[in-house]
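> The following block contains the structure, expressed as structure tokens.
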Amino acid sequence: MVLREKRLSSISEKVEKLHIVLLGLYEHDAIGSFTLSVASRARAAGVGCAIYAQDHSPSLRVDGTYEDFFSAVEPGDVLLYTLSNDDQQLPRLMESPCYRVIYYHNITPGRFFRPYDTGIADMLDRGRASLPLVSRANAVFANSAWSLEELLPHMAPEARRGVMPPLTPAMFERLAQRSHTGEATAAFPVPYVLTLGRLVPHKNIAWGLKFFAALHARMPSLTYAIVGGDGGVGAYAQELTRLASTLGDAQRNIHFIGEVSDAEALAWLDNAQALLCVSRHEGFGVPLVEGMMKGIPVLALSQPAVNETLGNGGLILEDEDMERNARRVAALLRSPKRLDALRLRQHARCQTLKTCALNNDFWETVLPKRIFPAGGETHECLPGN
């Protein structure tokens, strides 16, 4: 669902400066990558842009903290605020004397973390409790229609709104540099199914382990590579290790790789037999798009934002019937014809997402008349198209 207003009514057609504000700017992070891409496109369009973060990776440059933003902002400016966690400064940010745009990455419900870390759970629930503050924004964008639905009850009726996938020109260029070849490398336990992501509760890796055990019974040569750090929830990572040790013959083919660099993650993706996403909660699935662009068959547990990301690409798995899921995946991986058909659908979905991300109302909102001249065309993002 996307609701649009084609023209702005309360923002200057010439933005004096774009201020991007977020809690933390980090490497190896989808939010950080998206933020840097927005800043780069703004500067290329001739719009002054500054990034303000309370914390950041030492290798990344920011222009200051929130206090620096509050000192610098002017009435003709645009604030682009990234909402992804609890932020005690959000009420003050939403009173800034400028045009206020919220970009919502979604906030994971605390219930997933509560059995393992009540501090993280409480922080996430405070973040979700702050969602009514979006009523003070002039425009609201979200990474998926599913995420946007969460905010609709809280938005001001006149607020501009839309869906903007967190996909960047740099990401598309990087992924296009190497196509999927299926080549084997000694460093990889080929053939393998790959899961990319932190070992945190809502990523649901326990389900993935049980699914792999069922799949391994049909395809004994397969291994399962899980690439990602523990995400600060060591108790959950330990639980996964214990579970893996109970999975009979399959346990010898399960590999917890740990945290790797972006380049190493892409190398793991390049050589995978399939990409498996089993998350219980996502706002959007950037790794799914990376897999589809690389020509890697994508297998995903059904979840609203995951289904929206994939459209008719990928193979959707159902929660209840593990044996049926294993039969379907084994049949897919053994059939070159089915794999080719799946890759074609995935390629088509990526083209749709690319068009949506690069020619989106979002850009016209934060950079009006600079990216799109009068009469220029922008595109709606609709689930499954």
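The values are calculated or read from the model by the stated rules, or taken from the named source; none is laboratory data. This is a predicted model, so every value here is computed, not measured. Because the Cβ atoms are built from the backbone with ideal geometry, glycine has one as well, and the counts that use them run over all protein chains shown.
> Looking only at strands (runs of 3 or more DSSP E) that lie completely in region 269-373, which have at least 2 residues being over 21 Å from residue 146 (Cα atoms) and among the hydrophobic types (A, V, I, L, M, F, W, C)?
Details: elements: 274-277, 298-301, 315-317.
Those strands (runs of 3 or more DSSP E) span 274-277.
One line per residue, one yes/no per condition, for (1) in contact (Cβ under 8 Å) with a residue 24 or more places away in the chain; (2) hydrophobic (A, V, I, L, M, F, W, C); (3) under 24 Å from residue 330 (Cβ atoms):
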{"site": "261", "(1), (2), (3)": "yes, no, no"}
{"site": "271", "(1), (2), (3)": "yes, no, yes"}
{"site": "289", "(1), (2), (3)": "yes, yes, no"}
{"site": "293", "(1), (2), (3)": "yes, yes, no"}
{"site": "298", "(1), (2), (3)": "yes, yes, yes"}
{"site": "302", "(1), (2), (3)": "no, no, yes"}
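> Identify the single condition in (1) in contact with a Lys or Arg (Cβ under 8 Å, 6 or more places away or on another chain); (2) among the small types (Gly, Ala, Ser); (3) part of a helix (DSSP H, G or I) that residue 39 does not satisfy, given that it satisfies every other one.
(1) is the only condition that residue 39 fails.
> Please verify whether residue 171 is touching a Ser or Thr at 6+ places or on another chain (Cβ under 8 Å), surrounded by fewer than 22 Cβ atoms within 10 Å (Cβ to Cβ) and at pLDDT 95 or above, treating the condition exactly as stated. It would help to see each step written out before you state the result.
Numbers: touching a Ser or Thr at 6+ places or on another chain (Cβ under 8 Å): yes; surrounded by fewer than 22 Cβ atoms within 10 Å (Cβ to Cβ): yes; at pLDDT 95 or above: no.
So residue 171 fails the test.
> Could you list all residues from region 1-26 that are at pLDDT 85 or above and over 15 Å from residue 69 (Cβ atoms)?
Of region 1-26, the ones at pLDDT 85 or above are 17-26.
The one that is at pLDDT 85 or above and over 15 Å from residue 69 (Cβ atoms): 26.
> Filter region 37-61 down to residues that are modelled with pLDDT under 95, surrounded by 18 or more Cβ atoms within 10 Å (Cβ to Cβ) and aliphatic (A, V, I, L, M), then give me how many there are.
4
> Conditions first: (1) surrounded by 21 or more Cβ atoms within 10 Å (Cβ to Cβ); (2) touching a helix residue (DSSP H, G or I) at 6+ places or on another chain (Cβ under 8 Å). Residue 95 passes all but one, so which condition is the exception?
Only one criterion in (1) surrounded by 21 or more Cβ atoms within 10 Å (Cβ to Cβ); (2) touching a helix residue (DSSP H, G or I) at 6+ places or on another chain (Cβ under 8 Å) is unmet by residue 95, namely (1).
> So, one more: Among (1) of a type outside the set (Ser, Thr, Tyr); (2) touching a helix residue (DSSP H, G or I) at 6+ places or on another chain (Cβ under 6 Å); (3) more than 16 Å from residue 273 (Cα to Cα), which single condition is residue 196 missing?
Residue 196 satisfies every listed condition except (3).
> Sticking with this one: Name the one entry in 288, 276, 266, 240 that is assigned by TED's automatic domain parsing to the domain that holds residue 332 and more than 26 Å from residue 173 (Cα to Cα).
Numbers: 288 fails: more than 26 Å from residue 173 (Cα to Cα); 276 fails: more than 26 Å from residue 173 (Cα to Cα); 266 fails: more than 26 Å from residue 173 (Cα to Cα).
Answer to the check: 240.
> Restricting the search to region 208-234, which residues are under 30 Å from residue 29 (Cα atoms), part of a loop (DSSP other than H, G, I, E, B), among the small types (Gly, Ala, Ser) and modelled with pLDDT of 95 or more?
Answer for region 208-234, where residues must be under 30 Å from residue 29 (Cα atoms), part of a loop (DSSP other than H, G, I, E, B), among the small types (Gly, Ala, Ser) and modelled with pLDDT of 95 or more: there is none.
> Another question, if that's okay. In the set 332, 269, 276, which member is over 16 Å from residue 197 (Cβ atoms) and in contact with a helix residue (DSSP H, G or I) (Cβ under 7 Å, 6 or more places away or on another chain)? Outline the logic, then answer.
On the way: 269 fails: over 16 Å from residue 197 (Cβ atoms); 276 fails: over 16 Å from residue 197 (Cβ atoms).
One residue alone meets the criteria, 332.
> Out of the residues in region 282-301 that are more than 11 Å from the chain's Cα centre (by Cα) and of a type outside the set (A, V, I, L, M, F, W, C), state the one that is modelled with the highest pLDDT. So that I can check it myself, show each step before the final result.
So in region 282-301, the residues more than 11 Å from the chain's Cα centre (by Cα) come out as 291-301.
Keeping just the survivors that are of a type outside the set (A, V, I, L, M, F, W, C) gives 291, 294-295, 297.
Numbers: 291: 95, 294: 92, 295: 94, 297: 98.
So the residue we want is 297.
> Right, something else. Has region 26-36 got at least one residue that is closer than 23 Å to residue 150 by Cβ, free of Cβ contacts under 8 Å to residues at least 60 places away in the same chain, assigned to a loop (DSSP other than H, G, I, E, B) and within 21 Å of the chain's Cα centre (by Cα)?
Yes, the conditions are met somewhere in region 26-36.
> Which members of region 257-282 meet the condition of being under 17 Å from residue 204 (Cα atoms), surrounded by fewer than 20 Cβ atoms within 10 Å (Cβ to Cβ) and out of contact with any Gly (no Cβ under 9 Å at 6 or more places or on another chain)?
Scanning region 257-282 gives 280, 281.
> Here's a follow-up. Residue pairs, Cβ under 9 Å, 6 or more apart or interchain, first in region 86-104 and outside the structural domain of residue 74 (by TED's automatic domain parsing), second acidic (Asp, Glu) and buried (at least 18 other Cβ atoms within 10 Å of the Cβ). List them.
That search, which allows pairs on different chains as well, returns nothing.
> Further question: Here are the criteria: (1) under 25 Å from residue 334 (Cβ atoms); (2) modelled with pLDDT of 95 or more; (3) buried (at least 16 other Cβ atoms within 10 Å of the Cβ). Tell me which single one residue 240 does not satisfy.
(1)
> Here's another thing I want to ask about it. Here are some residues: 325, 312. Which one is surrounded by fewer than 24 Cβ atoms within 10 Å (Cβ to Cβ), modelled with pLDDT of 95 or more, over 14 Å from residue 165 (Cα atoms) and of a type outside the set (Asp, Glu)? Give the steps one after another, and end with the answer.
Values: 312 fails: modelled with pLDDT of 95 or more.
Among 325, 312, only 325 is surrounded by fewer than 24 Cβ atoms within 10 Å (Cβ to Cβ), modelled with pLDDT of 95 or more, over 14 Å from residue 165 (Cα atoms) and of a type outside the set (Asp, Glu).
> What pairs come out if I take residues in region 177-198 that are on the phi > 0 side of the Ramachandran plot and pair them with residues that are outside any strand (DSSP E or B) and at pLDDT 80 or above whose C-beta lies under 6 Å away, six or more apart or interchain?
These pairs meet every condition: 197/203; 197/228.
> Is there any pair linking a residue in region 116-140 that is over 22 Å from residue 154 (Cα atoms) to one that is of a type in the set (Ser, Thr, Tyr), with Cβ under 8 Å and at least six apart or on different chains, and which?
Pairs that qualify, where the first residue is over 22 Å from residue 154 (Cα atoms) and the partner is of a type in the set (Ser, Thr, Tyr), are 116/236.
> Here's something else I'd like to know. Report yes if some residue within region 339-348 is under 19 Å from the mean Cα position of the chain (by Cα) and crowded, with 17+ Cβ neighbours inside 10 Å; otherwise report no.
Within region 339-348, one or more residues are under 19 Å from the mean Cα position of the chain (by Cα) and crowded, with 17+ Cβ neighbours inside 10 Å.
> Condition check: assigned to a helix (DSSP H, G or I) and under 18 Å from residue 285 (Cα atoms). Does residue 202 satisfy that?
Numbers: assigned to a helix (DSSP H, G or I): yes; under 18 Å from residue 285 (Cα atoms): yes.
Spelling it out, residue 202 is indeed assigned to a helix (DSSP H, G or I) and under 18 Å from residue 285 (Cα atoms).
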